[in-house]
Each structure stands twice: as structure tokens, then as C-alpha cells.
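What follows is a short report on a single structure.
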Amino acid sequence: MRIEVALGSRSYPIILERGCLGRLSALADLSCKLLVVTDEGVPPSLLEGVLAQCPRAYPLILPQGEGSKSLAAFEALLTHMLEKGFSRKDKVLALGGGVMGDLAGFAAACYMRGIGFINCPTTTLAQVDSSIGGKTAVNLKGMKNLVGAFHQPILVALDPDALQTLPPRHFAAGLAEAIKAGLLGDPALFRLFEEGDIQQNLEEILARSLRVKKAIVEQDEREAGLRACLNLGHTLGHAIESAEGLGGLYHGECVALGMLPMIEDASLRQRVKAVYGRLGLPQSIRYDGEAIYRFLCHDKKAAGGFVTLVRVPALGQFRLDKVPLTDLPAIIGEGIE
């Protein structure tokens, strides 16, 4: 399946196809120098399959986890390209989850003011959401995605077979972004989570999620307005993720929790919780509201004493509310029930 992201001169295809990682050389020109950025959690067989197609590949294997999304790692990628004599005709390829995509994409955006970037997401979260749209970033002083740039890939290759290597909890956590897509603009996608078999409908879930995001990105590439709706669950979720002592929750689990207070319809909120139950996602959490508030005040989306919250009044609908920071403590409370 081929899905086109139409952004004028920055347009690119998404290839959603089982086994597509094994034929990357037929999808893109890999004859140039290619920095292949991956992490220790990616199965060696996937990396070897990609490298076998790239005659001038330079693999860089980083530690798994959010710690690799740092300025130090960013500098390491740039230095590696400099030492290998990369030019503006060469490319960066990310093989892994959202951390690798964000980091490698940011390096591609900045090296020589921008070189080609190929994204090969191998996690659920990256395949349903973060691999498209052009947002690249690293973290700074514990704050997520504070330093980054918009840099669209030239190709996104999604191989659903890569997801079979994921632990069940990791697989389920990434689906939170697909639930988000259903809540924002695709009730039929949400009903797949309520009534369907996830594995049997996996490719449809991926495709529907991507189409929701694609339609929004095409209208608002650089988040001047509408695209902010994709932050549903992320404003509070990022704060939960950044706070210490909350049990090592995954990004998708934090987003799932962050969406619940934003769903205004009580019956829909219960339906969402039921879906979380099916997937094994957390449905409640207790936290230090004051600590969460401090993180929210430093969120890059907070400006001029306000933050924009994405609220869901009904399935398939959303509203962007500009909320004073002084109103957040009442919204945050001491947890999510």
C-alpha cells in the first residue's frame, strides 16, 4: 500500500507493506553514503537486512531508550558524518522507534543545513504516528522535544512484520496513538479497537491512523493551528513521562493517561477505558500534582501564560482550548481516575 503525503516540494510516499524493509533499495536510492542510526533493541536481523542493500552504509548503534534522544547523541551523529566525509547528496536512515526517528531526523535536518532522511519505523508508536509529519527533536534538561526542527523524510517504509518482535506491553503502548487518531477523526478506527481483533486488523489500523495524521499535516505542516490537535494526550502525558517515580511508564502509556481528562463525554471516556483494558494500558494514576504542574509550565506549548489543551467533546470531534496556566492545577489534580 502506498500513501502519499502531499506537501508540494516536500511530498513523500509512505510504503505500508509486509517485507518492505527487505526491498528498500527498490524504493529509494541507497547508492550514496548512508548513516544508518539504530539502537540495541532492534533485532540484528533487521539491521543486517538493511545494511545488505546499502553499499556505503555506516551503521551507528545507540543505547535503547529516551536517554539516546540527547544533544550528546545528536553531536555524535553529526561528528560521525563529518568524519566519514558526508556531503549534501548523502542520507540518514533511522531504523527503530520514535527516539531513533526523532534523533536521526534532527541530525539530517541540521547537517549541512539539511540532507535526505529515510524513516524505517520498527515500533507500533512510530508506525502509527511519529514516523510521518516531519517533527524531529532531542530532549533538553529532562524536557521532551525542546530542541528540534521540521524536516520531512523522503521516504517512510513501514513493515508490519517488524512489530512481531516487540514485547506485548511495548506493542500495546504504541497503539495509544492510533486510539488518539480514532478519537480525533475516525470513529470507524476507534470501533476496530472496541470490537475487532487487533492482529487481524493491524494493517487497517496502521493505514487509518496514518491517513488521519496525513490529512492534518497536509493542512498545517508546521503546527500554526490545526495540527495542534495531534497533541491530544501529550501535554499532560509528557509531564507524567518527565516526572520521576511514576513506575517507568512508556510514552504511549503516558499519552493514554493524558487523553482521559480531555474526553468530556463521560460515556465515551468509559468506552476508552474499556479499550485500554483490552490492550492492557493503564486506566488511572496517582501523582504529585505540583510536580506535574511545574513540568507543564515549561512545556514548549506553554506560552504567554497559556497552554492549548485538546479536548474531545464526542467521538471524532475535537476542540482546541487556550487555557491559562493558573487554571491547570484544578485540571491536573492529584491523579487520573
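Remarks
- Length gained when the stretch Thr308-Ser11 is fully extended (0.36 nm per residue, less Cα-Cα span): 104.1 nm
- Degrees separating the helix 202-219 axis from the principal Cα axis of the chain, which is the longest one: 90 degrees
- Filtered GluC sites (Glu not before Pro), segment 214-275: DSSP coil and at most 11 other beta carbons within 10 Å: Glu244
- DSSP finds beta bridges in segment 2-165, and of those with both partners inside it, around 30 percent are antiparallel.
- Distance between the modelled labels on Leu146 and Ala215, one decimal in nanometres: 3.6 nm (7 Å Cα→Cβ projection).
- Qualifying trypsin sites (Lys or Arg not before Pro) in segment 185-247, DSSP loop, other Cβ atoms within 10 Å at most 11: Arg222
- Exposure proxy ranking, count of Cβ atoms within 10 Å, fewest first, for His234, His170: His170, His234
- Given Lys135/Lys213; Lys91/Lys213; Lys69/Lys141, the pairs whose alpha carbons are separated by over 23 Å: Lys91/Lys213
- This model, with +1 at the C-beta of Lys and Arg and -1 at the C-beta of Asp and Glu, gives the chain a dipole about its Cα centre of some 800 debye.
- Placed amide H near Gly335: partners under 5 Å, 5+ positions off or other chain: Tyr287
- By other beta-carbon atoms within 10 Å, ranking Lys91, Lys84 with the fewest at the front produces Lys84, Lys91.
- Order of Ile240, Ile3 - criterion: other Cβ atoms within 10 Å of each residue's Cβ, fewest first: Ile3, Ile240
- Using a Förster distance of 25 Å, the FRET efficiency for Met112-Ser25 (Cβ separation, nearest 0.05): 0.55
- For the chain, share of DSSP beta bridges that run antiparallel, in % to the nearest 5: 45 percent
Coordinate-derived values only; no laboratory data. Fair warning: this is a prediction, and the values are worked out from it, not measured in the lab. Cβ sites come from the backbone with ideal geometry, for glycine too, and all protein chains shown count toward neighbours.
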